[in-house]
Amino acid sequence: MASSSTSVVVSNKEKENKNTKKVTLKSSDGESFEVDESVAMESQTIKHIIEDGCANNEIPLPNVTSGILSRVIEYCKKHKEAAGESEPSVTSYTSNSTTNPLTEWDTEFVKVDQNTLFDLILAANYLDIKGLLDLTCKTVADMMKGKTPQEIRETFHIKNDYTPEEEAEVRKENQWAFE
Amino acid sequence: MSNSHIPPELITNILSHLPVKSLARFLSVSRQWYDLISDSGFVKKHLNRSVETNRDRTIILLEHDGSHCGNGFSFNFDDDEDQFCNAVKMYPPLQHCDILDCCDGLVCLLKGREEVVIWNPLLRKYRKLPSEKPKGVTDFWFPQFAFCHDHQNDDYKVLRLLFHYNDLPIEIKVYSLKSQRWKKVEEQWPNKEICHWESVSLNGAVHWLVADYGVLDKESLLAFDLASEKFKLYTTPVSPDLNQETRLEVLGGHLCFLVNVFEEYNDVWFMKEYGVDSSWTRIYKIERDAVTWDFERFEYYKPLMFSKNGKKVLLEEHWNNNAILVDHVVEKIHSKNLIWYDIEKKQGKRVQNWSFPDAFRTATCIGSLLLLDGDNVIDPWQRNASQSEGLNLLLKAVDELENEMLEG
């Protein structure tokens, strides 16, 4: 399954070509990034574009800046590599015993400022990369855990559309959650 | 550098990663967020994520005085399984009740013959079922209840079997949390006798160990499907000998068959593929020397759940305290210890925690927003505070009246 450039065993030309086939992704600010097609296909959006034959080897991504795109590519590369190496762990009777070998790497990856994090969420959503979307959303969620409603409003620029009485009522109903 | 605006569908993705307590707090953020969080689609998504990741995994221990449950604690073990930490005081919405069953973060409580409550302990909400008094029977009737998730209709249901004396159930009714009503079941109970009152719920069906009348060592498994409202019979892996007791449990999402030989061993089987009789597999056997057995009171080890890596099982010590109640034997069961049993090493380790009550009953929960529209569970101190507030107002009014009378 995992491809290796030193593998010589069965020379299947088509297979080899696929392994080293590249695509170019173009960010909103005009920067081009050349990546392995297999890495780019971590994004379901890009995968569909390629499969539909609309690639022309350069895919414009008007919703993603170069700064964000380079990070996304880094994520996809790392996760593609890891997928090639690891084996699914033997599960006994529980459904939850598959471990993520990249947990530490992922944790470091999301140590970025809030704006970058939000941009990564939007990019992961637009590019349809489930793992990255879950990772970034969970990171934001973890950040939110200890906050008050007012702090949440500030973080997400939310207008408080409750009347003071309504807000007091809702708060009172769930008073225990504030302790 | 932008102050990116996150659209609502991504907000719900983020929110689905949050524990129940945070979400209860964020209901106050805005009306829009209130609607997002209480939306039934979101509640389902959040629950699915809880189940996948075992989030907000909590064990509730309610202290048991030999006949009923009182208050207790909840213990979280998301972080460290060996430690039962974050003891939070728990006040069930019903006092002097018993825990019937639990599912998807909901716990079903039972009091006496008629009071049934569905409770979400992590969210502190509950719903009391409407009373459904049986008609056409004498005073001498008793019910058996079961609590189950109907997968097909995504509904949580309470089943009631009505017994008149010790015969076959004469009536079967089902309460649906969605419709909030009781409904009669047309299907008749098959000609089988129940071996144990305690049923287990799994895969949208309620299960009992049953046998032909007078032939108690030829057991089978009776299942009642809540969607189709039909009965079905399955086989059990082994037939018990005279000195063996059998029990049904649920473990890791599978039906579990337990053979208990008093003071000797607990042999535990799994139905690996639900509904497939040939898929019964022995998964572990607790032998005499694995744990200290308390022969005075010990009955069997009830399996509660697997550890995250699936190598250990959390067991609850069970002893049987028979009580005679109006001509039939009602099994009252309460527990004393929790034990982590290592399946490979065949060794058990008692959980030491000073917060644990001496005797208790357990329920296991995961993070769920079900019953967000239910009634609030009021902590006793809050209840007392509002009662004394009422009393103060009354005294004040009496005072004023007295003064008026004196002046007049």
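Given B:142, B:147, which one is under 29 Å from residue A:173 (Cβ atoms) and either in contact with a helix residue (DSSP H, G or I) (Cβ under 9 Å, 6 or more places away or on another chain) or away from chain A (no Cβ under 14 Å) (or both)?
On the way: B:142 fails: under 29 Å from residue A:173 (Cβ atoms).
None of the other options fit; the residue is B:147.
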Pairs, first touching a residue at least 12 places away in the same chain (Cβ under 8 Å) and closer than 17 Å to residue A:59 by Cβ in segment A:111-130, second assigned to a helix (DSSP H, G or I) and aromatic (Phe, Trp, Tyr), C-beta under 8 Å, six or more apart: A:129/A:75
Those strands (runs of 3 or more DSSP E) lying entirely in segment B:33-111 with at least 2 residues surrounded by fewer than 20 Cβ atoms within 10 Å (Cβ to Cβ): B:69-76, B:85-90
Search result, residues across segment A:130-157 that are more than 15 Å from residue B:25 (Cα to Cα) and either out of contact with any helix residue (DSSP H, G or I) (no Cβ under 7 Å at 6 or more places or on another chain) or of a type in the set (S, T, N, Q) (or both): A:130, A:134, A:136, A:138, A:139, A:154, A:155, A:156, A:157
Answer residue from segment B:3-29, given it is more than 28 Å from residue B:88 (Cα to Cα) and not in a helix (DSSP H, G or I) and is farthest from the other protein chains (Cβ to nearest Cβ) among those: B:7
Breaking point among (1) among the β-branched types (Val, Ile, Thr); (2) touching a residue at least 12 places away in the same chain (Cβ under 8 Å); (3) more than 7 Å from chain B (Cβ to nearest Cβ); (4) within 30 Å of residue A:47 (Cβ to Cβ), for residue A:140: (3)
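Quickly run through segment B:294-333 and pick out the residues that are part of a loop (DSSP other than H, G, I, E, B) and either at pLDDT 60 or above or under 18 Å from the mean Cα position of the chain (by Cα) (or both). Reasoning before the result, please.
Of the residues in segment B:294-333, the ones part of a loop (DSSP other than H, G, I, E, B) are B:294-299, B:307-311, B:326-327.
Passing the criteria: B:299, B:307, B:308, B:309, B:310, B:311.
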Members of segment A:45-68 found to be touching a strand residue (DSSP E or B) at 6+ places or on another chain (Cβ under 9 Å), outside any loop (DSSP other than H, G, I, E, B) and not β-branched (Val, Ile, Thr), listed by number: A:58, A:60, A:66
Residue ID - surrounded by the fewest Cβ atoms within 10 Å (Cβ to Cβ), chosen from residues in segment B:145-180 that are over 15 Å from residue B:222 (Cβ atoms) and out of contact with any strand residue (DSSP E or B) (no Cβ under 7 Å at 6 or more places or on another chain): B:167
Boolean, residue B:336 is over 20 Å from residue B:254 (Cβ atoms), modelled with pLDDT of 70 or more and not in a loop (DSSP other than H, G, I, E, B): yes
Qualifying residue in segment B:124-140 (condition: surrounded by fewer than 14 Cβ atoms within 10 Å (Cβ to Cβ), closer than 20 Å to residue B:206 by Cα and touching a residue at least 12 places away in the same chain (Cβ under 8 Å)): no
Tally, over segment A:23-54, of residues that are surrounded by fewer than 17 Cβ atoms within 10 Å (Cβ to Cβ) and at pLDDT below 90: 4
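Residue by residue, here is whether (1) hydroxyl-bearing (Ser, Thr, Tyr); (2) within 14 Å of chain A (Cβ to nearest Cβ); (3) more than 22 Å from residue B:148 (Cβ to Cβ) holds:
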| residue | (1), (2), (3) |
| --- | --- |
| B:35 | no, yes, yes |
| B:43 | no, no, no |
| B:58 | yes, no, no |
| B:71 | no, no, yes |
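Considering only segment A:18-44, how many residues are in contact (Cβ under 8 Å) with a residue 60 or more places away in the chain and assigned to a loop (DSSP other than H, G, I, E, B)?
Restricting attention to segment A:18-44, the residues satisfying the condition of being in contact (Cβ under 8 Å) with a residue 60 or more places away in the chain are A:42-44.
Among the residues that remain, those that are also assigned to a loop (DSSP other than H, G, I, E, B) are: A:42-43.
Final tally of qualifying residues: 2.
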Residue B:122 vs. criteria in a loop (DSSP other than H, G, I, E, B) and either under 22 Å from residue B:67 (Cα atoms) or under 20 Å from the mean Cα position of the chain (by Cα) (or both): yes
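Test residue B:227 against the stated conditions and say whether it is without any contact (Cβ under 8 Å) to a residue 60 or more places away in the chain, of a type in the set (A, V, I, L, M, F, W, C) and farther than 18 Å from residue B:134 by Cβ. Give the derivation first.
Details: without any contact (Cβ under 8 Å) to a residue 60 or more places away in the chain: no; of a type in the set (A, V, I, L, M, F, W, C): yes; farther than 18 Å from residue B:134 by Cβ: yes.
Considered against the rule, which asks whether it is without any contact (Cβ under 8 Å) to a residue 60 or more places away in the chain, of a type in the set (A, V, I, L, M, F, W, C) and farther than 18 Å from residue B:134 by Cβ, residue B:227 comes out as no.
The values are calculated or read from the model by the stated rules, or taken from the named source; none is laboratory data. Note that the structure is predicted; figures quoted are calculated from it, not measured. Quick reminder, even Gly has a Cβ in these numbers, built from the backbone with ideal geometry, and neighbours come from all protein chains shown.
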